[in-house]
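All remarks here apply to the structure that follows.
The values are calculated or read from the model by the stated rules, or taken from the named source; none is laboratory data. Quantities reported herein were computed from a predicted structural model and do not represent experimental measurements. Here Cβ is always computed from backbone atoms with ideal geometry, including for glycine, and neighbour counts include all displayed protein chains.
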Amino acid sequence: TASVVFFPKLCAQATTYKKQTFKSQPTRLRIQLSLVNKMQRLFLLLSISSAAAFVAPPGKSSFTVARPAFSVLGARKSDDDGDVVQKQTALSVGTFVEFSEKGRVHIGKIEGSEHKAKGGARYDVVDGEGKLFHIGDKAVNFSTQAPFTRPEADKLFHQLEEAQHASEVDLQAQLDVSPDLLEMAWEEAASEEEETHQLTPKSFIDLIHSHAASPLESYMAWRLLKTDMAHVFFRDMKENGRVVAFKAKARKAVDNAKSAFCSKEENQEKYDICFV
């Protein structure tokens, strides 16, 4: 700021001196004075520009904060130690979801979302027929990211719709997973080497077929592991109200569950695990 005040005075003095002596000086000296005058003007402009660069425009911030690609919702609840903030990540727009509505199950795409004051999220979801649903976060059962390209996204959406209506037998056939393989997966998950004794749909596919699961395979594996037959060996593990993993039961619990499952006449001829 001092330089901004000082240099106009200096320029004024130099200009007065130049007018008085310009005509009486030799040519070389006149050129030097002209160069000095130009340098003074340039320095003045640079000084003003430098000072202005540190002043933010009125009503605007001097920097920009990038927004995150996802939304984190904060829900407060009171306890003995005061308020505790519970953070929950909201599903992003464009996500494919299986959701429940009035006792019915649908496949849809999230087209919009809003955050409630208490920390919950609500979504605008459109199904395959173009019908719009307004649902809460708890209504979402399963979610997966959509592919980036429109043709691939449309293809996956229709495949998810078909998988949502597939029977247990169809799921076993499409995943190439028999009840015996399911029991072997349980034995592996229940082994001492596996600390958590849990399988996610993706890790289940990797364990059975030794390859990374596609979004469609993950959804079909998730549905298969939620069947009564799979519940002989695994129990659902939830996070934020959604089933996200499956924990291997203890052997005694499996024996009891298998006995109860195979005692039903409709299961005795249908499942190989009941022949043992």
Query raised in the report: Restricting attention to the range 114-127, which residues are touching a residue at least 24 places away in the same chain (Cβ under 8 Å) and either outside the structural domain of Ala90 (by TED's automatic domain parsing) or among the aliphatic types (A, V, I, L, M) (or both)?
Result: Ala121, Val125
Query raised in the report: What about Gly103, is it under 18 Å from Lys226 (Cβ atoms), out of contact with any His (no Cβ under 9 Å at 6 or more places or on another chain) and surrounded by fewer than 18 Cβ atoms within 10 Å (Cβ to Cβ)?
Result: yes
Requested in this report: Output the residue which, of all residues in the range 242-276 that are part of a loop (DSSP other than H, G, I, E, B) and basic (Lys, Arg), is surrounded by the fewest Cβ atoms within 10 Å (Cβ to Cβ).
Outcome: Lys264
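Can you work out which of the residues in the range 213-241 that are more than 24 Å from Lys270 (Cβ to Cβ) and touching a helix residue (DSSP H, G or I) at 6+ places or on another chain (Cβ under 8 Å) is surrounded by the most Cβ atoms within 10 Å (Cβ to Cβ)?
Across the range 213-241, the extreme among qualifying residues is Ala213.
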**Report entry** Residues located in the range 171-182, provided they are in contact with an Asp or Glu (Cβ under 9 Å, 6 or more places away or on another chain) and either at positive phi or at pLDDT 95 or above (or both)
**Finding:** Gln174, Leu175
Query raised in the report: Taking the range 235-271 only, how many residues are touching a His at 6+ places or on another chain (Cβ under 8 Å) and touching a residue at least 60 places away in the same chain (Cβ under 8 Å)?
Result: 1
Query raised in the report: Of everything in the range 75-96 that's in contact with a helix residue (DSSP H, G or I) (Cβ under 9 Å, 6 or more places away or on another chain) and either farther than 27 Å from Ala146 by Cα or part of a strand (DSSP E or B) (or both), which residue is modelled with the lowest pLDDT?
Result: Gln88
Report summary line: Here the qualifying pairs (Cβ atoms under 6 Å; residues six or more apart or on different chains; first in the range 134-154 and touching a residue at least 12 places away in the same chain (Cβ under 8 Å) and on the phi < 0 side of the Ramachandran plot; second in a helix (DSSP H, G or I) and loosely packed, with under 13 Cβ neighbours inside 10 Å) come out as none
Query raised in the report: Quick one: which of Ser203, Ser218 is in contact (Cβ under 8 Å) with a residue 40 or more places away in the chain, farther than 20 Å from Ala257 by Cα and under 20 Å from the mean Cα position of the chain (by Cα)?
Result: Ser218
